[in-house]
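Only the coordinates and a few stated rules stand behind these numbers; no lab work does. On a predicted model such as this, the values are computed, not experimentally measured, just so you know. Reconstructed Cβ throughout: ideal geometry from the backbone, glycine too, with neighbour counts over all protein chains shown.
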Amino acid sequence: MTHFPFVRSRSIFRNLLVLAITASPLTVTSQTQQDGRSAYHGEDDAVARGRIAFFQRDLRKLGGNGRSCADCHMPTQEFQLSPAAAKARFDLLQWIRRFFPKADDPLFRPVDADDFRTNGEQAKDFSNLIENGLIRVTMPLPPNVKLIDPATGQPSGETSVDLWRAVMPVRNVAITGPDNVLPIWPPAARVPVGGLDPNGPNRQGGYQHDARFATLQEQARGALFAHAQVKTEPPVQMLDDLTAFQQTLFSSHGVRNLADVILSGSNIFPDPDGELNELEQHGKQVFIRACAQCHGGPLHPSTSTPDATLVRPIVRYHNIQSACPRPVTVDGFTPCPDRLARNARTYQITLANGATQTFTTDDPGRLLLTGQIADLGVLDSTNLYGIRKTAPYFHNNSAATLEEVVDHYVALFKRAARLNPPPNLPPIISSNGVDLDRGFINGDEREALLAYLRKL
Ligand code: HEC
Ligand code: HEC
């Protein structure tokens, strides 16, 4: 009499937990239907299988740590992860564990704990996840780059480095990879260092913050090994299915239509923006003047492909000073809070001429792919559609709001103008090197730009 109901309610409780902290595949079905692609029309088997794979925590034959893609790319969070969501899941788990000590949420695996390198499988300091929404990304060091051991101040024997990066939304990934558009990359010929391709992979765009993967299959394979800790090679069909499913996820009808056109190879693009009021129209003009050089405008409205045919074409990958620590200058960057600044490491790089240089950063960006000092902090321009729902921003979640993003760019433009005076104003702020005719945001333009960003 007393025992049975208890057991029952206990399993109901467990199920409630699972429901609360995961999003069921059903949510996605209705979401994709909302986006215009129905579960019954135009959806092939690969998409259906890919949806299941995306939510699959038990990967059986592959091994794995119980995580699904959806544990980090939460459907209720635009297929990304906010620090608030990570914190809510963590708090819920702690509360439930008071009653059921074995309750679990696979988001919290030792591999993404801050103390994993020291405490291994016992690690349980999840500060980076719950304060910052950041995930460990381990990258090999190029042969000419060493880490400085904070204890001794000398180069350490480490051959890889742990970076902490934001979970990217997997909406719109149909158009966030390579795009066959040829903006200049790299800006000038380079001397290879350490036998690496000095230009790095994917000169025409790629996946991840640093564009290191060329295909969604390659990306999914990497995620299965790194995040789900699988032990065996995933079947090719699973990677294809995950790709097919992810390519059906868009932030709006307009972007879906745009993606269809981009993927058809046409270069006459529909305008993906919905109806804009006067303020948003004004904001769009500001965006085209200040942001399109890197994020694309009417010439290629993907928001991650630079406007290639501008008079002084822009390069593809950039250091926008989003890493921590920030240059503390007169330009007005907001300093990084300690909870982010502590993720920085000091590196020593050997240059092509044999000289060495040190730098401290939370993310060397494409430098880790090329061994080139010119690539320090250089990242891919992120897709901006649906951006109103995916705060915080940048690879390290260092901008809490769109207001902070805009303020960051105001400082970036100021810095570019200060360091390269006319006639050498760089293309991000000038079409001819002399006139400051791009890349500035006047006082009354700020609200307009913000209104437009919220419509994207
Ligand atoms: C532990 C959290 C976590 C899990 C689990 C996870 N991801 Fe990710 N995902 C990330 C992070 C962090 C990034 C950014 C990594 C980087 O830039 O190095 C990312 C980036 C991506 C991107 C790149 C988007 C773009 O526009 O470039 C795709 C696609 C993606 N993940 C798909 C997947 C798939 C598919 C799975 C399951 C097989 C998966 N992820 C599992 C955290 C996760
Ligand atoms: C010089 C090239 C460049 C210009 C100009 C530029 N961006 Fe960016 N943008 C980038 C790069 C590179 C990133 C990725 C940085 C990171 O992840 O740390 C980025 C990231 C962003 C993000 C973060 C997206 C996310 O999901 O986290 C937002 C928002 C953004 N840009 C808005 C703008 C706006 C608004 C403007 C114009 C005022 C602008 N950008 C101008 C290159 C540029």
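Once the other residues with Cβ under 11 Å from the Cβ of H209 are scored (Lys, Arg +1; Asp, Glu -1), what is the net sum?
0
Please report Rg over Rh for the chain, where both radii come from the alpha carbon positions and Rh follows the Kirkwood definition.
So for the chain, dividing Rg by the Kirkwood Rh gives 0.97.
Per-residue ellipticity at 222 nm for the chain, helices alone: DSSP H runs ≥ 4 residues times -39500 (n - 2.57), over residue total, nearest 500 deg cm²/dmol?
-10000 deg cm²/dmol
Quick one: if you take sqrt(5λ) for each eigenvalue of the C-alpha gyration tensor of the stretch 360-456, what semi-axes come out, biggest first, whole angstrom?
Value: 23, 22, 11 Å, ordered largest first.
Cα centroid distance between the stretch 95-112 and the stretch 152-185, in Å?
A separation of 29 Å, based on Cα centres.
I'd like the orientation of helix 83-97 relative to the chain: the angle between its Cα long axis and the longest Cα principal axis, in ° from 0 to 90, rounded to 10.
That works out to roughly 20 degrees.
Which three extents, in angstrom, do the Cα atoms of the stretch 281-409 have along their principal axes, listed largest first?
49, 34, 27
Using only Cα atoms, tell me the angle between helix 3-21 and the longest principal axis of the chain; keep it within 0 to 90° and round to the nearest 10.
10
Can you list the aspartates and glutamates whose alpha carbon sits under 14 Å from that of K455, skipping same-chain ones fewer than 8 residues off?
D271, D273, E275, E278, E280, E447
For the Cα atoms of the chain, what angle does the longest principal axis make with the long axis of helix 278-290, in degrees from 0 to 90, nearest 10?
The answer is roughly 70 degrees.
Using only the alpha-carbon atoms of the stretch 202-294 as identical scatterers, what base-10 log of I(q)/I(0) does the Debye formula give at q = 0.13, 0.24, 0.26 Å⁻¹?
Result of the Debye calculation: -0.67, -1.30, -1.34.
Taking 0.36 nm per residue of separation and subtracting the Cα-Cα distance, what length does fully extending Q204 through L419 add?
74.6 nm
Could you compute the net charge surrounding L402? Neighbours are other residues with a C-beta less than 9 Å from the C-beta of L402; K and R count +1, D and E count -1.
0
What is the extension gain from A88 to N267, computed as 0.36 nm multiplied by their sequence separation minus the C-alpha to C-alpha distance, in nm to one decimal?
So the extension gain works out to 60.1 nm.
I need the GluC sites (Glu not before Pro) found in the stretch 187-293, filtered to DSSP loop residues with at most 14 other beta carbons within 10 Å of theirs.
Passing sites in the stretch 187-293 are E275.
Among K61/K231; K124/K231; K87/K124; K146/K231; K389/K414, which pairs are too far apart, with a Cα-Cα distance over 20 Å?
Too far apart for the 20 Å limit: K124/K231; K146/K231; K389/K414.
For each cysteine in the chain, check whether another cysteine's C-beta sits under 4.7 Å from its C-beta; list those where none does.
Isolated Cys, the chain: C69, C72, C291, C294.
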